[in-house]
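The structure appears below as structure tokens.
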Amino acid sequence: SPILWWVRRDLRLSDNPALNAACASGRPVIPVCIHDDLVEGLGAAPKWRLGLGIEAFGQALARSGSRLILRRGDGLSVLRALVAETGAGAVIWTRAYDPDSVARDKAVKAALKGDGIDARSVPGHLLFEPWSVETGQGGFYKVYTPFWKTVCGREVPDPTPAPARISAPETWPASEGLSDWRMGAAMNRGAAVVARHVCVGEDAARGRLGGFVAEKIADYAQARDVPSADGTSRLSENLTYGEISPRSCWHAGRRAMEEGKPGAETFLKELVWREFAYHLVWHTPHIVTGNWRQEWDSFPWNTDDSAPEVVAWKRGRTGIEFVDAAMRELYVTGTMHNRGRMIVASYLTKHLMTHWRIGLDWFADTLIDWDPAANAMGWQWSAGSGPDATPYFRVFNPVTQLTKFDPKRHYVDAWIAEARRHPSETALSYFDAVPRSWDMSPKAAYPAPIVTAEEGRKRALAAYEARTF
Ligand code: FAD
């Protein structure tokens, strides 16, 4: 009888333990992708990008003589229906670690097992299972550096090639059409503009990794901090949908290290930040929605999503160039340089005294590389409410940061068009990306700062001093 492979965030044929195990079972393999409530609840951009990934992956499976069956409904009902239709005796999937997925998967596994189905989840999304990394006292890590020290010497198995053959069932169950899923329906920004910046599918991801290791990794340790430099891998987009495995990235980094490329170890450390984020989410799942340090619940954040300063932040109209450039980069490309993420998060939570949840939600709606763990950790790190966080009283100055990391103003010129005689093409493309209702024009005057670096700093520090914890 066939085995159902529930395809989720593992849109790849190579180094895919779930697919390998399905093939090794000797059964015909039926790959199935389910549009359930968790997919429905995704933000506009990640959902749209997931749709592109599913489309590419369906084509890749077809080239391998297989198919991707699409069904809408809750996971358990869909899987049960497919078991009934195909006579499948087993279901396998790659594990997820965020609380909503964990709750869903636990329930599905228990119910299928109750039906007598061999239901199994396997690793593949991470290098190290979150529970496999323990402190000397048997607890979990709250600080990155000792986490890194514990895992950096570990043996990571070599990535595996795509299976030579994916055995097909005699008859295929019916599939819904991807266009009926309307994955791009909520993209009320110019999807055609963002589409110029995506890099979809396993082959493209592998090309991206190869190019990064050949051309950029050597200088990565310095170039990664310069937002105009294109000095990072940009693999977050592919890692989040599983278009490339973390093991492939890890081993490419290790080889570069053995070849003496100086930035390679820094790259491995960044991959381990991703692991650390999942480690935290697994052990303290409330980090994805609430303050990790719960005393922060009483901090007087602004929680009004429609406050004028929040709207200005979202639209890249704060009058603070570094913040606005980064917010526009996000809107046009669906990603934002890490330095930009830190600056805009600090500005929102400190200068604008706004709850990090508002920023987290905006990122979850607009990033094509949205990742539940990295996003939550990043926001709480920036706000000061998380573990191993930057303390609240350390307020990034977005003006001096600009002088330091964009001294020649390449980054702000790439993204801000107002008040330029010859605005760059990328800066102008922002106005094609924004919804008409925002009523923005490159010809408008560039705004004065809604809150200056100095005012914001003073306000944030005063609120911090007056806190009750
Ligand atoms: P590279 O510099 O090439 O790094 C390689 C890989 O390491 C990345 O692809 C990523 O998987 C991982 N990585 C690097 N830095 C981090 C980090 N700080 N935390 C976790 N993993 C990291 N990353 C996301 O993937 N999705 C998010 O939704 C996300 N939200 C963030 C929100 C805030 C407020 C902050 C401060 C950071 C956030 N990050 C997020 C982390 C980081 O900014 C991005 O992973 C990085 O910019 C992606 O670019 P890259 O692939 O070129 O990274």
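The values are calculated or read from the model by the stated rules, or taken from the named source; none is laboratory data. Since the model is a prediction, treat every value here as computed from it, not as a measurement. Methodologically, a virtual Cβ is constructed for each residue, glycine included, from the backbone with ideal geometry; neighbour enumeration extends over all protein chains shown.
Scanning segment 383-412 for residues that are among the charged types (D, E, K, R) and closer than 24 Å to residue 359 by Cα turns up 388, 394, 406.
Assessment of segment 456-466 against the conditions (assigned to a loop (DSSP other than H, G, I, E, B) and crowded, with 16+ Cβ neighbours inside 10 Å) yields no matching residue. In segment 98-154, the qualifying residues are those that are in a helix (DSSP H, G or I), surrounded by fewer than 16 Cβ atoms within 10 Å (Cβ to Cβ) and charged (D, E, K, R), and the one that is farthest from the chain's Cα centre (by Cα) is 113.
Per this entry, residue 55 is not counted among residues that are over 26 Å from residue 15 (Cβ atoms) and either assigned by TED's automatic domain parsing to the domain that holds residue 335 or surrounded by fewer than 18 Cβ atoms within 10 Å (Cβ to Cβ) (or both). Note on segment 261-274: among residues that are within 8 Å of the ligand (Cβ to nearest atom) and of a type in the set (D, E, K, R), the one that is farthest from residue 379 (Cα to Cα) is 270. Among the residues making up segment 270-299, a single one is over 17 Å from the mean Cα position of the chain (by Cα) and under 26 Å from residue 225 (Cβ atoms): 292. Residue check: residue 204 meets all listed conditions (1) more than 11 Å from the ligand (Cβ to nearest atom); (2) part of a loop (DSSP other than H, G, I, E, B); (3) under 26 Å from residue 48 (Cα atoms) but one, namely (2). Every listed requirement among (1) buried (at least 19 other Cβ atoms within 10 Å of the Cβ); (2) away from the ligand (no atom under 16 Å from the Cβ) is met by residue 407 save one, (1).
Under the condition of being free of Cβ contacts under 8 Å to residues at least 24 places away in the same chain and within 15 Å of residue 370 (Cβ to Cβ), the residues counted in segment 177-202 number 0. Given the condition at pLDDT below 95, assigned to a loop (DSSP other than H, G, I, E, B) and farther than 20 Å from residue 314 by Cβ, answer yes or no: does some residue in segment 406-418 qualify? Scanning segment 406-418, I find no residue that is at pLDDT below 95, assigned to a loop (DSSP other than H, G, I, E, B) and farther than 20 Å from residue 314 by Cβ, so the answer is no.
Taking each residue of segment 440-463 that is touching a residue at least 12 places away in the same chain (Cβ under 8 Å) and looking for partners that are polar (S, T, N, Q) and assigned to a loop (DSSP other than H, G, I, E, B) with beta-carbon atoms closer than 8 Å, six or more apart or interchain, yields 447/318; 449/318; 450/318; 451/318; 453/397; 457/397. Taking segment 215-287 as the region of interest, the helices (runs of 4 or more DSSP H) fully inside it that hold 2 or more residues being of a type in the set (S, T, N, Q) and surrounded by 17 or more Cβ atoms within 10 Å (Cβ to Cβ) are 236-241. Tell me, please, whether a residue that is in the same structural domain as residue 146 (by TED's automatic domain parsing), modelled with pLDDT of 95 or more and more than 12 Å from the ligand (Cβ to nearest atom) can be found in segment 226-241. Yes, the conditions are met somewhere in segment 226-241.
If you go through segment 19-49 and pick out every residue that is of a type in the set (Gly, Ala, Ser) and surrounded by 23 or more Cβ atoms within 10 Å (Cβ to Cβ), you end up with 2.
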